[in-house]
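The values are calculated or read from the model by the stated rules, or taken from the named source; none is laboratory data. Here the structure is a predicted model, which means the values were calculated and not measured. Cβ: placed from backbone, ideal geometry, glycine included. Neighbour counts: every protein chain shown. Keep in mind that these areas ignore ligands, DNA and RNA; they rest on the heavy atoms of the full protein, side chains included. Shrake-Rupley method; radii C 1.70, N 1.55, O 1.52, S 1.80 Å.
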Protein chains: 4
Amino acid sequence: MSEIKSITEKIKKFRDERDWKQFHNHKDLSLSLVLEAAEVLEHFQWKSPSEVDGHARECKDEIADELADVAMYLFELADNLGIDLPKAINNKMAKNAKKYPVAKARGRHTKYDRL
Amino acid sequence: MSEIKSITEKIKKFRDERDWKQFHNHKDLSLSLVLEAAEVLEHFQWKSPSEVDGHARECKDEIADELADVAMYLFELADNLGIDLPKAINNKMAKNAKKYPVAKARGRHTKYDRL
Amino acid sequence: MSEIKSITEKIKKFRDERDWKQFHNHKDLSLSLVLEAAEVLEHFQWKSPSEVDGHARECKDEIADELADVAMYLFELADNLGIDLPKAINNKMAKNAKKYPVAKARGRHTKYDRL
Amino acid sequence: MSEIKSITEKIKKFRDERDWKQFHNHKDLSLSLVLEAAEVLEHFQWKSPSEVDGHARECKDEIADELADVAMYLFELADNLGIDLPKAINNKMAKNAKKYPVAKARGRHTKYDRL
């Protein structure tokens with residue numbers, strides 16, 4: 001079994017032992033994905049670029065916990081939706097390569113529709 | 001190389017070919033993680049439970065693209081922070097198992113501090 | 001002075017007494033707006049429609065605090081950007097009236113570009 | 001009628017002409033508040049402090065539209081929940097004044113629980 005698949009199976013086992021599938025509809029999982037991503041972001045609120053790096057080192061374990069929360073909702077949601085995440089990433093990277101050709105996008109953070 | 005590691009290497013190659021590392025500080029990556037998670041959620045805005053499932057089937061490819069965006073920022077951010085994501089997930093699941101013991105949490109969506 | 005203007009002045013006084021203007025750049029205020037909105041949303045995570053209403057009554061004061069946080073960042077951000085919020089709302093409602101004509105939009109939650 | 005009350009009445013009239021109350025439950029309104037706040041934040045994604053100010057001037061009208069969207073959901077949600085927003089702001093500012101006394105908080109962006 002692939003790594004993501006195997007992690008996803010553990011997540012689903014944890015969920016099913018608690019009979020939580022009933023709450024994990026796509027809308028609440030998406031909403032939870034946003035909330036957990038917001039908890040990652042909160043770590044960097046009000047911080048200047050130099051403070052950001054120091055904080056990241058100092059609170060690495062707390063941030064790791066938040067990233068894990070994002071990952072767990074992401075992997076479960078993809079699975080519930082019947083989406084193969086590695087394949088989806090591959091497809092999206094191919095699209096992005098067209099939207100952001102190296103020659104045009106190099107060294108610029110402009111959105112593709114304004115490039 | 002593990003699956004997540006190998007995907008992360010592709011993401012970093014894409015980024016570095018475009019010289020985008022300079023923009024990908026932890027704060028902007030976290031912020032982007034929230035924005036992409038919001039785009040997933042937008043798919044389910046205003047939708048009733050029954051509409052949610054129909055929409056998920058109908059727009060599976062669009063949603064797969066949004067999940068891929070979340071995954072790509074998540075994998076890169078973890079890597080930039082020196083966080084081993086599978087290990088972080090393992091640690092967090094062990095914590096969650098203590099916060100949400102099966103006997104107490106079964107069939108309930110109550111937050112651990114109110115269980 | 002108008003009501004929103006007068007509330008905004010109090011918010012700015014609070015901020016300036018603490019010398020916080022230096023942190024309140026547009027990016028961090030926008031980011032904070034998202035974080036506070038997420039705290040509102042967290043109140044309704046995992047809750048079914050019927051649970052939502054009960055929770056809203058039970059935790060009215062906590063939710064009021066979260067809405068106040070959103071309002072304070074919103075009013076300050078608009079002020080910092082030189083945006084007259086009541087005027088902006090008026091303009092946006094006029095645009096929305098065109099995007100969502102009553103005849104087409106009545107009883108439907110479809111986005112304007114799919115109406 | 002107060003300014004916020006009067007704006008809220010216009011928002012509700014717009015909503016009711018379209019028979020949208022049925023979709024505007026607290027959960028979907030909170031979710032929409034987050035999505036609109038995210039659209040404000042998107043304006044500042046990847047931008048350095050100096051770029052932020054230039055962009056804010058250049059795209060003032062677009063940002064005003066996004067802030068208006070946040071305000072409209074905020075005002076309606078507060079009204080639906082029976083929350084008096086100006087009063088809620090007053091209460092929250094009184095709490096914040098205790099959490100962030102001038103002497104301790106001056107010139108620092110530290111969260112109150114670490115002050």
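Suppose we keep only residues that are of a type in the set (D, E, K, R) and open to solvent by 70 Å² or more (accessible area, probe 1.4 Å) within the stretch A:1-16. Which one would you say is farthest from B:P101 (Cα to Cα)?
So in the stretch A:1-16, the residues of a type in the set (D, E, K, R) come out as A:3, A:5, A:9-10, A:12-13, A:15-16.
Now drop any that are not open to solvent by 70 Å² or more (accessible area, probe 1.4 Å), which leaves A:5, A:9-10, A:13, A:16.
Numbers: A:K5: 24, A:E9: 19, A:K10: 16, A:K13: 13, A:D16: 13 Å.
Of everything passing the filter in the stretch A:1-16, A:K5 is farthest from B:P101 (Cα to Cα).
For the residues A:M72, A:M93, the requirement of being facing chain B (nearest Cβ under 7 Å) and over 17 Å from B:W20 (Cα atoms) singles out A:M72. Residues that are open to solvent by less than 60 Å² (accessible area, probe 1.4 Å) and within 11 Å of chain C (Cβ to nearest Cβ) within the stretch B:46-55 comprise B:W46, B:K47, B:S48, listed in sequence order. Picking from residues in the stretch A:35-45 that are of a type outside the set (A, V, I, L, M, F, W, C) and not in a loop (DSSP other than H, G, I, E, B), the one that is surrounded by the most Cβ atoms within 10 Å (Cβ to Cβ) is A:E36. Close Cβ contacts (under 7 Å, 6 or more residues apart or on different chains) running from residues in the stretch D:1-12 that are without any contact (Cβ under 8 Å) to a residue 60 or more places away in the chain and more than 14 Å from D:V70 (Cα to Cα) to residues that are open to solvent by less than 20 Å² (accessible area, probe 1.4 Å) and part of a helix (DSSP H, G or I) comprise D:E3/C:I4. Right, C:Y73: aromatic (F, W, Y) and over 20 Å from D:A78 (Cβ atoms) or not? So C:Y73 does not fit the description; no.
Does the stretch D:20-34 contain any residue that is part of a loop (DSSP other than H, G, I, E, B), farther than 14 Å from C:A71 by Cα and touching a residue at least 40 places away in the same chain (Cβ under 8 Å)? Lay out the reasoning, then the answer.
The initial filter retains those residues of the stretch D:20-34 that are part of a loop (DSSP other than H, G, I, E, B), namely D:20, D:24-25.
Then drop every residue that is not farther than 14 Å from C:A71 by Cα, which leaves D:20, D:24-25.
Narrowing further to those that are touching a residue at least 40 places away in the same chain (Cβ under 8 Å): D:24.
Yes; the residues of the stretch D:20-34 include at least one that is part of a loop (DSSP other than H, G, I, E, B), farther than 14 Å from C:A71 by Cα and touching a residue at least 40 places away in the same chain (Cβ under 8 Å).
Test of understanding: among A:D28, A:D69, which residue is closer than 30 Å to D:H109 by Cα and not basic (K, R)?
Answer to the check: A:D69.
It is to be established whether one or more residues within the stretch C:24-43 are more than 14 Å from chain B (Cβ to nearest Cβ), of a type outside the set (S, T, N, Q) and more than 28 Å from D:K27 (Cβ to Cβ). Scanning the stretch C:24-43, I find at least one residue that is more than 14 Å from chain B (Cβ to nearest Cβ), of a type outside the set (S, T, N, Q) and more than 28 Å from D:K27 (Cβ to Cβ), so the answer is yes.
Of everything in the stretch B:56-115 that is in a loop (DSSP other than H, G, I, E, B), over 17 Å from the mean Cα position of the chain (by Cα) and touching a residue at least 12 places away in the same chain (Cβ under 8 Å), the residue that is surrounded by the fewest Cβ atoms within 10 Å (Cβ to Cβ) is B:L115.
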